[in-house]
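Written below as structure tokens is the structure these notes are about.
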Amino acid sequence: MQFVNECFVKVKKDCYKFISSQETKKDKFKNKDKMIKSFLIPASYWIAKKANEKKPLMIGLAGGQGSGKTTISSILTLILKKYFKLNVFKISIDDFYKTRKDRKVLSITKHPLLMTRGVPGTHDIDLMLKFFKKVKSKKFKSLEVPKFNKAIDDRYKKNLWYKLKSKPDVVIFEGWCVGAQAQKSKQLRKPINSLEKVRDQSIKWRLYVNNQLKTKYKTLFKQLDGLLYLKAKNFNILKNWRLKQERKLWIQTKNKKNLKIMSSGDVINFMQTYQRITQQMFKDAIKNSSIIMNLNNNHQIQNIRFKK
């Protein structure tokens, strides 16, 4: 407990500053001290203990849409840097989305639903594999990593990409489907929502996405040294959190020209493309995660479990 208090004193100011940047007038964080002391400092300690000087520790951080992945991964990064003095690079799987132009080609050649970013197959998997390889290389020099702008649904220009100048001790790789596993073919046959029923009658989209998980994504996720999973109680709660997230994006974006912010109806359709994998992850990620943070209905961490 003494270590937790000592760490909290050192990181509190930075953590509060970050949390305040994520709040809106209507949406304030509750129980901040408990979140940091009871859950995020112990998780940081677990990560720091596993880090070694020879190669970067690759930690996956997964959770459904709107579950708080960006907030949690950002605070973990702050603690690991400030208290544990580790060089941490945080990147989202979202930053590796294919460009709108590339997704347009996919939507014509494979299936129209692949224009919508999100599911496995809409990321530039080769770029991700290259990033993992380069970041682990003994001859690491520096690295430019793509950055995606959700407000315009396209990649930022190269001059705005992340620049990684020194080899990290820890890489936090966060994303809704990080660590997801493929389903059996027979599980794909029955549609689980209206989007699958109406827009994927041939099962072509489901098969394509599932095959991505079975092949290249499996290769990618195998390279993770551990997985932290934020588990919501059910898919409906995630829908509400995702709607809240979209409203926040609208409030926080100053330049609203060319904005591709979604309406409530758009968000619900968008979430249906995520539903199958998210619900499968409720079962799989519990078995395969090193750390599980269970979230309550109020979007707060209820408890934490360390498994590996």
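Only the coordinates and a few stated rules stand behind these numbers; no lab work does. Since the structure is predicted, the reported quantities are computational estimates derived from the model, not experimental observations. Backbone-built Cβ (ideal geometry, glycine too); neighbour counts: all protein chains shown.
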Exercise. Can you work out the FRET efficiency for the pair THR215 and LYS139, with r the C-beta to C-beta distance and R0 = 22 Å, to the nearest 0.05?
Worked result: 0.20
Problem set entry | Counted charge near LYS55, where neighbours are those whose Cβ lies closer than 11 Å (Asp, Glu -1; Lys, Arg +1) | +1
Seminar exercise, completed: With Rh as the Kirkwood radius over Cα pairs, the range 1-113 has Rg/Rh of 1.09
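Tell me which chymotrypsin sites (Phe, Trp or Tyr not before Pro) from the range 17-104 have a DSSP coil assignment and no more than 15 other beta carbons within 10 Å of their own.
Passing both the DSSP loop test and the Cβ count: PHE29.
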Exercise. Within the set LYS17/LYS37; LYS136/LYS214; LYS130/LYS222, which residue pairs have Cα atoms separated by over 20 Å?
Worked result: LYS136/LYS214
For this session: Taking semi-axes √(5λ) of the Cα gyration tensor in Å as the quantity of interest, determine which of (1) 34, 28, 17; (2) 44, 25, 18; (3) 30, 23, 20 was computed from the displayed structure.
Result: (3)
Problem set entry | the range 74-142, relative contact order in percent, only Cα pairs under 8 angstrom and at least six apart counted | 23
For this session: Please give the calculated 222 nm ellipticity per residue for the chain, where each DSSP H segment of at least 4 residues contributes -39500 (n - 2.57) and the sum is spread over every residue; nearest 500 deg cm²/dmol?
Result: -14000 deg cm²/dmol
Exercise. Between LYS222 and ARG199, what is the spin-label point distance in nm, taking each point 7 Å from the Cα along the Cα→C-beta axis?
Worked result: 3.3
Exercise. Spin-label point model (7 Å from Cα, Cβ direction): what's the LEU207 to GLU6 distance in nm?
Worked result: 6.0
For this session: In whole angstrom, note down how far apart the Cα centers of the range 110-188 and the range 90-107 are.
Result: 8
For this session: Take the Cα of PHE18, step 7 Å along the line toward its Cβ, and report every residue of the range 47-75 whose backbone nitrogen sits under 12 Å from that point.
Result: 69-75
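Dipole size in debye (nearest 20) for the chain around its Cα centre, Lys and Arg Cβ +1, Asp and Glu Cβ -1?
420
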Seminar exercise, completed: Between LYS231 and residues 5 or more places away or on another chain, the pairs with built amide H atoms under 5 Å apart involve MET293, ASN294, LEU295
Seminar exercise, completed: Subtracting the Cα-Cα distance of ILE268 and ASN87 from 0.36 nm times their residue separation yields 61.4 nm
Exercise. Can you give the net charge of the other residues whose Cβ lies under 13 Å from the Cβ of GLU174, counting K and R as +1 and D and E as -1?
Worked result: 0
